[in-house]
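Some notes on the structure that comes next.
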Amino acid sequence: QLVESGGGLVQAGGSLRLSCAASGRTFSNYAMGWFRQAPGKEREFVAAISRGGYRTYYADSVKGRVTISRDNAKNTVYLQMNSLKPEDTAVYYCALRGGSPSLGVPDYEYWGQGTQVTVSS
């Protein structure tokens with residue numbers, strides 16, 4: 001089970017930190033990803049992190065503004081988002097997969113329920 005939290009309403013230029021808590025499996029065995037889906041759009045990749053946290057990947061649209069990290073002792077992955085823009089408004093999902101991180105939505109096995117992020121201009 002994956003449970004996201006930390007979403008909310010923020011003004012443009014502000015920051016949010018999303019959390020995703022995992023349970024029911026050995027967290028450190030899985031790569032983790034963050035994705036987002038805006039109304040009327042397809043779900044898209046945001047960031048991913050390897051099992052040990054040593055490798056990270058970012059979408060070009062968020063690179064330099066977003067940091068993914070994980071704490072395997074707490075079974076939690078984080079997404080720190082800074083300099084938020086109205087176009088970052090979406091439901092944000094975390095997901096896990098065995099093996100290496102991937103940028104592809106179909107490659108992930110389990111998904112959280114999502115948390116809403118709204119950025120006002």
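Values computed for the structure shown
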| quantity | calculated |
| --- | --- |
| Hits in segment 4-37 - residues which are open to solvent by 20 Å² or more (accessible area, probe 1.4 Å), within 15 Å of the chain's Cα centre (by Cα) and within 12 Å of Leu96 (Cα to Cα) | Ala21, Tyr30 |
| Breaking point among (1) in a loop (DSSP other than H, G, I, E, B); (2) in contact (Cβ under 8 Å) with a residue 24 or more places away in the chain; (3) surrounded by fewer than 22 Cβ atoms within 10 Å (Cβ to Cβ), for Tyr57 | (1) |
| Filter result (in a loop (DSSP other than H, G, I, E, B), modelled with pLDDT of 95 or more and open to solvent by less than 50 Å² (accessible area, probe 1.4 Å)) within segment 80-100 | Leu84, Thr89 |
| Condition check for Gly40: open to solvent by 30 Å² or more (accessible area, probe 1.4 Å) and either acidic (Asp, Glu) or without any contact (Cβ under 8 Å) to a residue 12 or more places away in the chain (or both) | yes |
| One residue from Val10, Val62, Val46 being touching a Ser or Thr at 6+ places or on another chain (Cβ under 9 Å) and without any contact (Cβ under 8 Å) to a residue 60 or more places away in the chain | Val46 |
| The one condition in (1) surrounded by 15 or more Cβ atoms within 10 Å (Cβ to Cβ); (2) within 14 Å of the chain's Cα centre (by Cα) that Asn72 fails to fulfil | (2) |
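The values are calculated or read from the model by the stated rules, or taken from the named source; none is laboratory data. What you see is a predicted model; the values in this text were computed from it and never measured. Positions of Cβ are backbone-derived with ideal geometry, glycine not excepted, and every protein chain shown enters the neighbour counts. These accessible areas exclude ligands, DNA and RNA; they are computed on the full protein's heavy atoms, side chains included. Shrake-Rupley method; radii C 1.70, N 1.55, O 1.52, S 1.80 Å.
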